[in-house]
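A short write-up of the structure that comes next.
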């Protein structure tokens with residue numbers, strides 16, 4: 001297992017998309033992935049490991065009760081922020097801290113939204129991303145390098161809700177929550 005992540009998709013008024021979020025599990029990293037919050041809660045403001053994608057322009061295709069959003073290849077970066085403090089009201093806050101790895105979606109990503117009549121039920125996608133950069137970092141007294149853990153990249157399966165979050169940040173027309181589970185891609189022998 002490479003990671004479990006959760007986050008949100010943001011759609012700008014101009015139709016650009018972006019996703020940001022944090023990790024519930026990340027590779028072989030030991031120790032807490034969250035700062036202890038009030039009541040021991042774990043959420044974006046207490047997450048030590050976050051990600052931030054470069055915005056992209058998607059195209060769409062409809063096929064009956066399936067709506068397909070086609071995203072081009074693009075980069076997303078993982079961050080280690082020992083002070084935590086990300087906030088979904090400020091997507092840029094997920095790009096704070098030390099950049100520890102950058103991945104590139106290596107092909108078009110198709111997100112499928114399933115509807116029943118006029119009701120959208122859920123959205124799902126699968127993508128593979130290559131590791132393009134990494135740097136060692138220290139966490140909980142140990143040195144880690146995602147380049148060693150995930151050298152072959154990852155394949156992630158994602159599931160998105162279809163009820164947008166109310167009151168999106170300024171300049172954003174819609175915000176949709178999602179969860180993703182990724183496995184490490186094995187490097188070819190030799």
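The values are calculated or read from the model by the stated rules, or taken from the named source; none is laboratory data. Remember, it's a predicted structure, so these values are computed and weren't measured experimentally. Please note: Cβ atoms are built from the backbone with ideal geometry, for glycine as well, and neighbour counts cover all protein chains shown.
Has region 119-136 got any residue that is in contact (Cβ under 8 Å) with a residue 40 or more places away in the chain, under 18 Å from the mean Cα position of the chain (by Cα), more than 17 Å from residue 17 (Cα to Cα) and not in a strand (DSSP E or B)?
no
Just name the residue that is surrounded by the fewest Cβ atoms within 10 Å (Cβ to Cβ) out of those in region 43-56 that are under 16 Å from residue 125 (Cβ atoms) and in contact (Cβ under 8 Å) with a residue 40 or more places away in the chain. It would help to see each step written out before you state the result.
Within region 43-56, the subset under 16 Å from residue 125 (Cβ atoms) is 51, 53, 56.
Adding the requirement that they be in contact (Cβ under 8 Å) with a residue 40 or more places away in the chain leaves 51, 56.
Details: 51: 25, 56: 16.
The qualifying residue surrounded by the fewest Cβ atoms within 10 Å (Cβ to Cβ) is 56.
Every residue in region 79-105 that is without any contact (Cβ under 8 Å) to a residue 60 or more places away in the chain and in a strand (DSSP E or B), please.
79, 80, 87, 98, 99, 100, 101, 102, 103, 104, 105, listed by residue number.
Among the numbered conditions (1) surrounded by 16 or more Cβ atoms within 10 Å (Cβ to Cβ); (2) within 13 Å of residue 9 (Cβ to Cβ), tell me where residue 173 comes up short.
All conditions pass for residue 173, except number (1).
Go through (1) more than 20 Å from residue 47 (Cα to Cα); (2) surrounded by fewer than 13 Cβ atoms within 10 Å (Cβ to Cβ) and name the single condition residue 143 misses.
Evaluating residue 143 over (1) more than 20 Å from residue 47 (Cα to Cα); (2) surrounded by fewer than 13 Cβ atoms within 10 Å (Cβ to Cβ) leaves (1) as the failure.
Specify which of the listed residues (101, 133) is buried (at least 16 other Cβ atoms within 10 Å of the Cβ), at pLDDT 95 or above and farther than 15 Å from residue 7 by Cβ. Full working, then the answer.
Working: 133 fails: buried (at least 16 other Cβ atoms within 10 Å of the Cβ).
Matching residue, one of 101, 133: 101.
Filter region 29-42 down to the residues that are outside any strand (DSSP E or B) and surrounded by 14 or more Cβ atoms within 10 Å (Cβ to Cβ) and list them by number. Steps first, answer last, please.
We begin by selecting, within region 29-42, every residue outside any strand (DSSP E or B); these are 29-33, 35-42.
Passing the criteria: 29, 33, 35, 42.
Tally the residues that are surrounded by 13 or more Cβ atoms within 10 Å (Cβ to Cβ) and more than 21 Å from residue 104 (Cα to Cα), restricting the search to region 1-23.
Going residue by residue through region 1-23, those that are surrounded by 13 or more Cβ atoms within 10 Å (Cβ to Cβ) are 2-12, 16-23.
Add one more test, that the residue is more than 21 Å from residue 104 (Cα to Cα), and what stays is 12.
Adding up the residues that qualify gives 1.
Take the residues of region 63-78 that are under 22 Å from residue 13 (Cβ atoms) and without any contact (Cβ under 8 Å) to a residue 40 or more places away in the chain: which is surrounded by the most Cβ atoms within 10 Å (Cβ to Cβ)?
Step by step, filter region 63-78, then rank; the result is 74.
Kindly indicate the residue of region 159-170 that is outside any strand (DSSP E or B) and touching a residue at least 24 places away in the same chain (Cβ under 8 Å) and also surrounded by the most Cβ atoms within 10 Å (Cβ to Cβ) among those meeting that condition.
Narrowing region 159-170 to residues outside any strand (DSSP E or B): 161-170.
After this cut, where a residue has to be touching a residue at least 24 places away in the same chain (Cβ under 8 Å) as well, the list is 161-162, 165, 168-169.
Numbers: 161: 16, 162: 14, 165: 17, 168: 19, 169: 15.
This residue is 168.
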